[in-house]
Structure formats: structure tokens, C-alpha cells
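One structure is given below, encoded as C-alpha cells.
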Amino acid sequence: MDLGLNGKTALVTGAGSGIGRAVALAFAAEGANVVLTDLKQEGMDETLRLMRQAGSGEGATLIADAGSPEDHQRAVDLAVERFGGLHAACNNAGIGGETNPVADLSPEGFRKVIEVNLLGVFYGMHAQIPAMLRGEGGAIVNIASILGQVGWENSSPYVSSKHGVVGLTRSAALEYAQKGVRVNAVGPGFIQTPILGQDQAALDHLASLHPMGRMGQPEEIANLVVFLCSPRASLMIGGYYPADGGYLAK
Ligand code: NAP
């Protein structure tokens, strides 16, 4: 199925690893030009190398902190200057952050997760939406989590940030529904990426929590993100779409 993204421009935050890398590759496979942002250059270089190996759309990289409004604006400016506009964005950069019961959490630890995972999505949309409105319109997908719908012990900063992403997504979606910018959220179950660490026993336990009996792969999230960003998803506005191997159906 042609998703209609050929020659369009997409922006992906946290594109040097895991889900962000898979999303960038999936956009490129559709012929889109992709602006990649992340904290470090190396991961983005590897994503670019994989894009070129696949012989797909062009890429440009920018070191950018998701917690910086100025960095998001620089990323949007890069998309406009290099590729002529911005049609799609995936606000994906995120951290797990401090894990502790509420009474033991440090305020700085809580604040840091909110800054990257929730304010980062706000700063992203704040910069991306005007560029889309100036152009042909567009679509934004914010990466939430199953933990944007249910709780998880000892991770209240992360859980709060992801619940916030869902609310922010719905509100923004209402604001721009008639203006040509669609906003949606995707809720991954546990996905095999570096964010989960390398303790095999812990990973096996996480996998067992999914009715499907395994964790997801980044590509299984990327497929959904790129579809939601495409004109094929024209009726999809303000949704929270889980891709979680049945986790939330329990
Ligand atoms: P990942 O492999 O760790 O990738 C996250 C990327 O974001 C990394 O390259 C990371 O850089 C970057 N990043 C971290 N803080 C940043 C900041 N302040 N500014 C810019 N980039 C930053 O993790 P992932 O699993 O792909 O996670 C991507 C998104 O999916 C996150 O929002 C996460 O919460 C969400 N998610 C993941 C899962 C899962 O099970 N994997 C489930 C649900 C939702 P560094 O490596 O240098 O920190």
C-alpha cells in the first residue's frame, strides 16, 4: 500500500536508537526525507547509514535535547531549510528515569522525567505545528506507552509523564482538527530496546506480562506511527492507539 509519504518531510526525536530509529527507517522506506534528532551523533549516524543502505529517502541530523524548546525549533527550521517544509513528526525521545516509591523519589528525578517525556512533547508540537500550518498541514504522533493508561509500581514519574502525553495529545488534536494537523498518540507495550536494560531475567518477566507471550520489536511500533502520519489515516484524530501484544486487554 502506498502511504503517500514519498517526497514529504518527517521529523523524529530520539532517532538514534530503538523505536525512534525504526520510525526514521520506516519513514525513509516510504520515500520521505527525515530529520533525525538525538542527544548523541553516533546513534543518528548509524540510523543514517541504515537508511542509505536501504536506498531510501534522505536524512539530516541535529544534536538536540528534547527538553529544550530552542532545540525543537532548530530541528523544525532544519526541516524547512533543507527539505522545504514539515509534514510529519514523531515525538519519541524519552527516558525511564528514577525508579522509587513516591515517598522516596527525589524532586529532581521526577522533574527530569517530566521535562524530557512530557515537556519535550509539548516543546516539539509547539515548534512543529506552526510549520505544518504554514505549509500543507501534517500529522504528529506522540509516543506514549501502555503506562499512559495504567500504573506501574516505582515508576510514577514515567507513568505520570506518559499519562500527560495522552492528555496533551487529545487536547492538541481538538485544537487543530479543522486546521489540517492531525495529532495522535501511540502506546507501545514493552518493546525490545536499550531503555529496558540488559537483565535477561527481568526482560523475560516483562515479556511474560504480554498475552502474546513476547515483547514487541521497534518495527512493530514504527509501522503504526508511519501509517498514522500518512494521508491514509485521515480520519484518525486525537486517538490513543496501543500496540502492546494485548497488554491492556487484560
Ligand atoms: P531508547 O532505545 O533508549 O531510545 C531513546 C532515545 O532517545 C535514545 O537515543 C536516547 O538517547 C534519546 N534521548 C533520551 N533523552 C533525550 C533527550 N533529553 N533529548 C533527546 N533525545 C533523548 O528507548 P526506546 O525504547 O526506543 O524509547 C523511545 C520512546 O518509546 C520513549 O518515549 C519511551 O518512553 C517509549 N516507550 C518505550 C517502550 C519500551 O518498552 N521500549 C515502551 C513504551 C514506550 P540516549 O541513549 O543517549 O539516552
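Of the residues making up the stretch 84-102, one or more are touching a Cys at 6+ places or on another chain (Cβ under 7 Å), within 11 Å of Leu11 (Cβ to Cβ) and more than 15 Å from the ligand (Cβ to nearest atom).
Of all residues in the stretch 176-210 being surrounded by 14 or more Cβ atoms within 10 Å (Cβ to Cβ) and over 18 Å from the mean Cα position of the chain (by Cα), which is farthest from the ligand (Cβ to nearest atom)?
Of all residues in the stretch 176-210, those surrounded by 14 or more Cβ atoms within 10 Å (Cβ to Cβ) come to 176, 181-193, 195-196, 203, 206-207, 209-210.
Filter again for over 18 Å from the mean Cα position of the chain (by Cα), leaving 176, 203, 206-207, 209-210.
Details: Tyr176: 22, Leu203: 10, Leu206: 8, Ala207: 11, Leu209: 11, His210: 11 Å.
Once the filter is applied, the top-ranked residue is Tyr176.
Could you tell me which numbered condition Thr37 fails, if it satisfies all but one of (1) within 8 Å of the ligand (Cβ to nearest atom); (2) over 21 Å from Ala127 (Cα atoms); (3) of a type in the set (Val, Ile, Thr)? With (1) within 8 Å of the ligand (Cβ to nearest atom); (2) over 21 Å from Ala127 (Cα atoms); (3) of a type in the set (Val, Ile, Thr) applied to Thr37, the lone miss is (2). Ala10 - would you say it is more than 8 Å from the ligand (Cβ to nearest atom) and either part of a loop (DSSP other than H, G, I, E, B) or not aromatic (Phe, Trp, Tyr) (or both)? Judged against the criteria, Ala10 is a match. Of the residues that sit in the stretch 134-144 and are under 18 Å from Arg170 (Cα atoms), not polar (S, T, N, Q) and not in a loop (DSSP other than H, G, I, E, B), which one is farthest from the chain's Cα centre (by Cα)? Among them, the one singled out is Gly138. Pairing residues of the stretch 126-142 that are touching a residue at least 12 places away in the same chain (Cβ under 8 Å) with residues that are open to solvent by 50 Å² or more (accessible area, probe 1.4 Å) and part of a strand (DSSP E or B), at Cβ distances under 9 Å and at least 6 apart in sequence or on separate chains, gives Val141/Tyr241.
Of all residues in the stretch 227-239 being assigned to a loop (DSSP other than H, G, I, E, B) and under 11 Å from Val186 (Cα atoms), which is nearest to the ligand (Cβ to nearest atom)?
That would be Gly239.
For the stretch 214-221, the criterion of being free of Cβ contacts under 8 Å to residues at least 40 places away in the same chain, over 19 Å from Gln149 (Cβ atoms), open to solvent by 80 Å² or more (accessible area, probe 1.4 Å) and of a type in the set (D, E, K, R) is met by at least one residue.
When Leu224 is tested against the conditions (1) open to solvent by 70 Å² or more (accessible area, probe 1.4 Å); (2) part of a helix (DSSP H, G or I), the lone failure is (1).
The values are calculated or read from the model by the stated rules, or taken from the named source; none is laboratory data. Computed from a prediction, not measured in an experiment: that's the story for all the values here. Here Cβ is always computed from backbone atoms with ideal geometry, including for glycine, and neighbour counts include all displayed protein chains. Only protein heavy atoms, including side chains, enter the accessible area calculation; ligands, DNA and RNA are left aside. Shrake-Rupley method; radii C 1.70, N 1.55, O 1.52, S 1.80 Å.
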